[in-house]
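Since the structure comes first, as structure tokens, the remarks are kept for the end.
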Amino acid sequence: MITTSDASLAERLRSLRQHAMSPSMARHESHQVTLESFSEPAFNFRMTDLQAAVGRPQLARLPAIIAERRALAARYAEALAHHPLLAPPTEPPWLRSNWQSYPVTLRSGGRMSQVEIMQFLLDRGVASRRGVGNAHAEPAYAKVAWSCGQGPCDPAAHTAGRCLRLPVSEHARDKTILLPLFHGMSPAEQDYVVSTLRALSG
């Protein structure tokens, strides 16, 4: 689903979801033969009736779900404010996150690596994930030619799944961890995660 307040963008997106076909679904209501045309390469991204039937009630619950996620994120932020290894994310004043996930960042100079912290959590029953994936570092892309600009920055680096022009992406991949945060997470479940994080710092 995409939402936008830009009317021209909305019109184009509606077209793209239906193969960029004109006159699209209106041909079914026409009393004259209508020959469709395709203005640009596009896709078949129409929702199914089942998706709509599930999605409409979910939209009605969305404000409550987001409020719950924001409360969970606020509890994490308070618990991690002075954590020696992990820093909580911050929201800029112009943004309100729905906290689809909760990414923490490794503080500089910490005594444990990303993988060591994730293993510590996993050993105590707390699942976590790397916060950011880098497509250019995945084996699927190492096997095909690709470019990060006007030609590869360094072919040898690309073969190794690295890109000298993407240091921020690679830093985010190596220095962020997603903590458990989900709709329906109980206070007891979050308390356990927080207590595990405190043990990590001790």
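Only the coordinates and a few stated rules stand behind these numbers; no lab work does. What you see is a predicted model, and the numbers here were worked out from it, not measured in a lab.
Treating the chain as a set of equal point scatterers at the Cα positions, no solvent, please give the Debye-formula log₁₀ I(q)/I(0) at q = 0.18, 0.19 Å⁻¹.
Those come out to -1.21, -1.24, one per q.
Rounded to the nearest Å, what's the spacing between the alpha carbon centres of the range 108-124 and the range 156-202? Just the number, please.
The two parts, judged by their Cα centres, are 10 Å apart.
Starting from a Cα-only point model with no solvent, please compute log10 I(q)/I(0) by Debye for the range 1-46 at q = 0.31, 0.32 1/Å.
Debye output, listed in q order: -1.10, -1.13.
Given 10 Å bins starting at zero, what is the percent of C-alpha pairs of the range 11-119 in each, up to the one with the largest pair distance?
11, 23, 20, 19, 16, 7, 3, 0
For Gln18, which sequence-distant residues (separation of 5 or more, or a different chain) have an amide H within less than 5 Å of its own amide H, given hydrogens modelled in the peptide plane?
Amide H neighbours of Gln18, under 5 Å, 5+ apart: Phe43, Phe45.
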